[in-house]
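Bear in mind these aren't lab numbers, they're just calculated from the coordinates by the rules spelled out. What you see is a predicted model, and the numbers here were worked out from it, not measured in a lab. Because the Cβ atoms are built from the backbone with ideal geometry, glycine has one as well, and the counts that use them run over all protein chains shown.
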Amino acid sequence: MNTKAKRLTDAICRDLPRLDKRYFKPGDYPGLQFWVAPGGTKTWYYQYKVKDKKYQQSKRLGNYPTVGVVEATKRAKELASRIYNGEDPKQTEKADILKLQLGQAIRNYYEEELTTANQYRPSTIKGVKAIFKCWIFRNTYEKDILNRLVRAEDIQYKKLSSITPKMVKELHQICGSRSPYVANRLVEYLRLFWNSFIKEENNPFKLPKRNKFVEEEYVDFLDQSELQKVMKNAVQVDDRSGRLLASHYKKNELNPVSCMAIAFCLTTARRNTDEACSIKWDNYKKTGVKRLELKETKTSKKNKTVTFKLGDEAISVLDLISVDRLNNPDSAFYYPIDDIRNAYVFPSKDYGRNIGNGMKAKTPHLINPSKTWQRLLKMSGVERHLKFYATRHTHATQHYSENKDIKAGAKVLGVTEKTFLKYAKLVDNEEVVGTNKIKFFANEKPTLVEVPKITKAIE
C-alpha cells in the first residue's frame with residue numbers, strides 16, 4: 001500500500017480549506033511546513049534545531065501566495081545551509097530587519113501580511129494605506145499637508161533601529177495640528193505594524209495615552225419633535241394608490257430613494273453605507289420575526305452573519321418601498337428584472353452614467369444621502385448642522401429615553417453596553433428630577449411681587 005504523502009503543489013496549497021483549528025501540511029523539504037489558519041491565512045514555516053536550544057525553533061518564510069512552493073523550498077534550503085554553518089536565524093533576522101528603512105519595511109508589510117493575512121477588513125487596509133501614503137510616504141498633492149511635513153524629519157528613509165520615540169511624537173504633533181483623529185490613527189497603525197510584523201522589543205511607535213489627542217465624540221441628535229417633522233417630510237404616501245406621493249418629492253426637489261434610506265436609518269439605527277444603503281432584498285427576511293441579516297458590520301466578528309430584528313416602522317418603510325416599485329416604471333425604485341439595481345433596496349440612479357474623465361459610476365446602490373438629509377433638516381426647521389451619522393444617535397437616544405434599557409439598546413445598535421452608555425448620558429435627567437422633588441419651602445413657593453417702577457421727575 002502506497003502511503004507516501006502527495007507532493008505540495010501551488011494548486012494543492014491554493015485549494016486547502018480553512019478549518020476551525022490551525023493545521024499544517026509537510027513540504028517537500030525536511031522541516032518545511034505549510035500552515036493554514038482558521039482565518040484563511042496560509043504561511044510557510046521552517047522547523048529547525050540549534051545546539052544551544054532544547055526544543056525545535058520555527059522560522060517564518062512568508063505568506064502564500066506571495067511565497068509559492070518553489071520559492072519556499074528554495075528559502076528552506078538556504079536556511080538549512082546557514083544553520084549547518086552555525087548561524088542562528090533568529091539573531092540574524094533581528095539584526096537584518098532592523099537595518100531596513102521604515103518605508104521598505106512598510107512595503108514588505110503590505111505585501112507579506114496586511115493584504116494577504118485575511119484577518120483585516122478591506123476598509124481597515126484602505127485606511128492604513130491612505131494614512132501611511134500621506135504622512136509616511138508623503139505622496140500627496142495637498143499643499144497644507146506638505147507644508148506641515150517640512151517641519152518633521154522624513155522617517156521613511158530612517159533605519160528601523162534609528163527611529164526614536166521623539167521622532168514619532170514630533171510627527172504625531174504635526175499631523176495632529178491638521179487632524180487629531182488622523183494623528184492618533186497614524187501612531188496606532190505604526191504600533192500595530194511594529195508589533196505584528198517587526199516583532200521586536202522597544203517599539204518606538206508606542207505613544208503613551210497622555211500624549212495622544214483627546215477625540216471629541218459626536219453627540220448631537222434630533223429631539224422627538226424634530227424627529228417627527230423629518231420623518232413626515234421624508235415619507236409622504238398617496239392615500240389613493242398607497243405609493244409614495246410623487247408630487248411631494250417633485251415639488252420639494254427631494255430624491256425619494258435618499259428620503260426612504262434616511263427614514264430606514266432613523267427607524268433602525270443602522271450605519272449608512274455598510275448596513276443601510278447597500279442592503280439587498282435578500283437581506284430582508286420576512287419569515288417569522290421580520291429581521292435584517294447582514295454578513296458583517298463594523299463591529300461584528302469576521303465571517304459571522306449578524307441579525308437585527310426590525311420594528312414596525314422600519315417594516316412599514318421597507319413594505320412601502322416594495323409596493324412603490326411593484327410594476328411601476330415611474331417609481332425611483334423600479335428597475336427591470338435583468339438590471340443589477342433591481343436586487344438593491346436603495347438603487348442608484350447614477351449607476352452606469354458618465355462621471356467624467358471617461359469613467360462611469362460603478363456602484364449600483366445609493367452611496368450617501370447627506371445632500372437630501374440636509375434639505376430635509378432645513379424643511380423641518382432644524383437650523384443647526386447635523387452630520388448624517390446623527391440618525392444613529394437619534395435612534396439610540398430616543399430608544400433609551402423611552403425604555404431606559406441599556407442592554408436592549410446595545411442590541412439594537414449592535415454594540416457593547418459600555419458603548420451604548422454614551423447615548424444614555426445625553427438624556428439622563430434623573431438628578432434634575434430628584435432635585436425638583438425636594439421641598440425647599442414649608443408651604444407654597446413665595447410669589448414674586450412686582451415692584452412699581454420709580455420714575456425720576458424731570459426738573
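Assorted remarks:
- When the alpha carbon gyration tensor of the range 22-77 is reduced to an equivalent ellipsoid, its three semi-axes come out at 20, 14, 9 angstrom, largest first.
- Pair Lys304, Lys286: separation of 7 Å Cα→Cβ label points (nm): 3.1
- Contact order normalised by residue count of the chain, Cα under 8 Å, 6+ apart, percent: 10
- q = 0.16, 0.24 Å⁻¹: log10 I(q)/I(0) that the Debye formula gives for the range 193-299, counting C-alpha atoms only: -0.93, -1.32
- Dimensions in Å of the range 137-226 - Rg and Dmax from alpha carbons: 16.3, 60
- Listed pairs Lys42/Lys298; Lys126/Lys280; Lys251/Lys349 exceeding 21 Å between Cα atoms: Lys42/Lys298; Lys126/Lys280
- Reach of Lys166 by Cα under 12 Å, taken over aspartates and glutamates that are not fewer than 8 positions away in the same chain: Glu153
- Asp274 versus Asn354: modelled label distance in nm, points set 7 Å from Cα along the beta carbon direction: 3.6
- Ascending count of other beta-carbon atoms within 10 Å, so fewest first, for Arg138, Arg270: Arg138, Arg270
- Rounded Å value of the spacing that divides the Cα centres of the range 302-344 and the range 30-77: 49
- From its DSSP helices (H runs of at least four residues, each -39,500 (n - 2.57)), the chain gives a residue-normalised ellipticity at 222 nm of -11500 deg cm²/dmol.
- Over 19 Å between alpha carbons, listed pairs Lys133/Lys209; Lys304/Lys411; Lys362/Lys387; Lys286/Lys404; Lys304/Lys387: Lys133/Lys209; Lys362/Lys387; Lys286/Lys404; Lys304/Lys387
- Folded to 0 to 90 degrees: helix 370-379 orientation relative to the chain principal axis, Cα: 10
- 0 to 90° range, to nearest 10: angle between helix 165-176 axis and the chain longest Cα axis: 30
- From the Kirkwood radius over Cα pairs of the range 285-398, Stokes-Einstein at 37 °C and 0.692 mPa s returns a whole-number translational diffusion coefficient of 192 µm²/s.
- Distance in nm between pseudo-label sites at Thr124 and Asp88 (7 Å out along the Cβ direction from Cα): 3.3
- Least to most buried among Lys378, Lys439, Lys42 (fewest other Cβ within 10 Å first): Lys439, Lys378, Lys42
- FRET efficiency, Lys158 to Ala442 (Cβ-Cβ, R0 60 Å, nearest 0.05): 0.20
- Its residue count N fixes a reference of 2.2 N^0.38 Å for the chain, and the Cα radius of gyration divided by that reference is 1.34.
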